[in-house]
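Taking it in order: structure first as structure tokens, then the write-up.
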Amino acid sequence: MDTKTTALPYDVEAVRRDFPILAQQVYGRPLVYLDNAASAQKPKAVIEAMSHAMETGYANVHRGLHYMANVATEGFEAARATVRDFLNAGSTDEIVFTRNATAAYNLVADCFGRMGGEHGIGEGDEIVLSIMEHHSNIVPWHYLRERKGAVIKWVPVSDEGEFLFEEYEKLLGPRTKMVAVTQMSNALGTITPMGAIIEAAHARGIPVLVDGAQSAVHMEVDVRALDADFFVMTGHKLYGPTGIGVLYGKKAWLDRMPPFEGGGEMIETVTTDGVTYNEPPHRFEAGTPAILEAIGLGAALRYMTALGRGNIVAHETMLRDYAKARLGEMNSIRLIGQARDKGAIFSFEMKGAHAHDVATVIDRQGVAVRAGTHCAMPLLQRFGVTSTCRASFGLYNTREEVDMLVDALRKAETLFA
């Protein structure tokens, strides 16, 4: 990973003090939390922002005329502006709050499936995904396959887990209506050549949805520089709360897309004979939104920005390189996916042991990793495995925690030998 900004001294111990949960012990041992790709821990800035909103300025947003409603609305819309700045979007009108990343993928797939005309997705139309996609960016497109007769095309990866760009280009054709690809694999950490992916699709008039659930956490993202049509991220991986996600969409697309869900806020007028719909982004935010969660997400993004996103990238790159070297010392460990450009995410299996058993053993040493399919079954099938352990690092992890992971794995290695 390359940084866009000059890395300044990064005090990881000071960062760790911002996360109260990291001071805990589990089974009498220091907590080593390496499950960040699934969900990250929360800094005091997020906890305090949400608590403050509940204590001093909570009400429903947008439709009230009283003081508390105005305070809550200002906090909610300020969070939208923070997201716009974080992604370098052109306007807050291009920032849609969703329940999570999954809801955002479903929104785009559903709306394109109902759009009609040259951009709608119907029978025989093609959707290009990579074999690395998370299930949340697979299943909504399968809905269109089942219900509309759409066809899904799959971009393969190399034995190292690298996106095969030449194979991708071969899949783009006159019936391709959408490319939906991750910018960073949640299972392998592979970083895809997203700029080139988008450029190739746009040369053929094809829109691109970028799964940024991991990349927004670990990379500096600029949706305008990428020229992304859609970009998705989720709060709970960004050191924010659960229950809040983000869909960035170019205004030209959001303006022509039909609503996703019906209810309050997404309408202008309702009569017994018909409905007129609100303008984006509110057209896609039916009902009472996740007010406190949006405020918490805004606090999380400001926290990351204050640390310096280039600093975070540099710190995690150091952890990636160190962890790769230390895990490489273990003959019993098979690392799955060793792309040249990848984030600090490691899927691995231990010879002679099931991933669940390994994760359970090292948990007793205080080390938290995830074991299973990581919502990426097609990818695991590609590598001939049914489950793996995954250690994923974040802005508060340390070299010492890498050593503690390796020490715990060596104990497991002895047990399963």
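The values are calculated or read from the model by the stated rules, or taken from the named source; none is laboratory data. In this text the structure is predicted, and so the values were computed from the model without any measurement. Positions of Cβ are generated from backbone atoms using ideal geometry, with glycine treated the same way; all protein chains shown enter the neighbour counts. SASA here: full protein model, heavy atoms, side chains in, ligands and nucleic acids out. Shrake-Rupley method; radii C 1.70, N 1.55, O 1.52, S 1.80 Å.
Among (1) under 30 Å from VAL402 (Cβ atoms); (2) in a helix (DSSP H, G or I); (3) under 18 Å from the mean Cα position of the chain (by Cα), where does GLY298 come up short? (1) is the only condition that GLY298 fails. Considering the conditions (1) over 30 Å from THR373 (Cβ atoms); (2) of a type in the set (Asp, Glu); (3) in contact (Cβ under 8 Å) with a residue 40 or more places away in the chain, GLU77 is excluded by exactly one of them, (3). Among all positions in segment 389-410, there is no residue which is in a helix (DSSP H, G or I), open to solvent by 10 Å² or more (accessible area, probe 1.4 Å), free of Cβ contacts under 8 Å to residues at least 40 places away in the same chain and over 24 Å from PHE19 (Cα atoms).
The residues of segment 237-252 that are in contact with a helix residue (DSSP H, G or I) (Cβ under 9 Å, 6 or more places away or on another chain), over 16 Å from ASN106 (Cβ atoms) and not charged (D, E, K, R), listed by number, are LEU238, TYR239, GLY240, PRO241, THR242.
Taking the condition open to solvent by 30 Å² or more (accessible area, probe 1.4 Å), touching a strand residue (DSSP E or B) at 6+ places or on another chain (Cβ under 6 Å) and not in a loop (DSSP other than H, G, I, E, B), does MET318 pass? Considered against the rule, which asks whether it is open to solvent by 30 Å² or more (accessible area, probe 1.4 Å), touching a strand residue (DSSP E or B) at 6+ places or on another chain (Cβ under 6 Å) and not in a loop (DSSP other than H, G, I, E, B), MET318 comes out as no. Taking segment 163-180 as the range and being touching a residue at least 24 places away in the same chain (Cβ under 8 Å) and either among the basic types (Lys, Arg) or crowded, with 24+ Cβ neighbours inside 10 Å (or both) as the test, the residues that pass are PHE163, ARG175, LYS177, MET178, VAL179, ALA180. Here SER51 clears all of (1) without any contact (Cβ under 8 Å) to a residue 24 or more places away in the chain; (2) of a type in the set (Ser, Thr, Tyr); (3) closer than 20 Å to ILE312 by Cβ except the condition numbered (3). Residue count for segment 134-162, restricted to those that are under 26 Å from VAL385 (Cβ atoms) and either small (Gly, Ala, Ser) or touching a residue at least 40 places away in the same chain (Cβ under 8 Å) (or both): 12. Applying a threshold of 7 Å to beta carbon distances and a minimum spacing of six or more residues, or different chains, the list of pairs starting in segment 327-338 at a residue that is more than 12 Å from LEU405 (Cβ to Cβ) and ending at one that is among the polar types (S, T, N, Q) and outside any loop (DSSP other than H, G, I, E, B) reads ILE336/SER347; ILE336/THR388; GLY337/THR190; GLY337/SER347.
Here ALA325, ALA368 are screened, and the one residue that is open to solvent by 20 Å² or more (accessible area, probe 1.4 Å), at pLDDT 95 or above and in contact with a Leu (Cβ under 8 Å, 6 or more places away or on another chain) is ALA368. Can ILE121 be described as out of contact with any Gly (no Cβ under 7 Å at 6 or more places or on another chain) and β-branched (Val, Ile, Thr)? No. Within segment 339-352, the set of residues being hydrophobic (A, V, I, L, M, F, W, C) and either within 25 Å of GLU400 (Cβ to Cβ) or loosely packed, with under 15 Cβ neighbours inside 10 Å (or both) comprises ALA344, ILE345, PHE346, PHE348, MET350. In segment 109-129, the residues that are of a type in the set (Ser, Thr, Tyr) never reach a residue that is part of a helix (DSSP H, G or I) with C-beta atoms less than 8 angstrom apart, at least six apart or across chains. Close contacts from segment 202-217, counting a first residue that is farther than 13 Å from LEU87 by Cβ and polar (S, T, N, Q) and a second that is part of a loop (DSSP other than H, G, I, E, B) and open to solvent by 10 Å² or more (accessible area, probe 1.4 Å), with Cβ to Cβ under 6 Å and a gap of 6+ residues or different chains, come to GLN214/ASN186. Only one of the numbered conditions (1) touching a residue at least 60 places away in the same chain (Cβ under 8 Å); (2) touching a strand residue (DSSP E or B) at 6+ places or on another chain (Cβ under 8 Å); (3) farther than 18 Å from LEU34 by Cα is not met by MET377, and that is (2).
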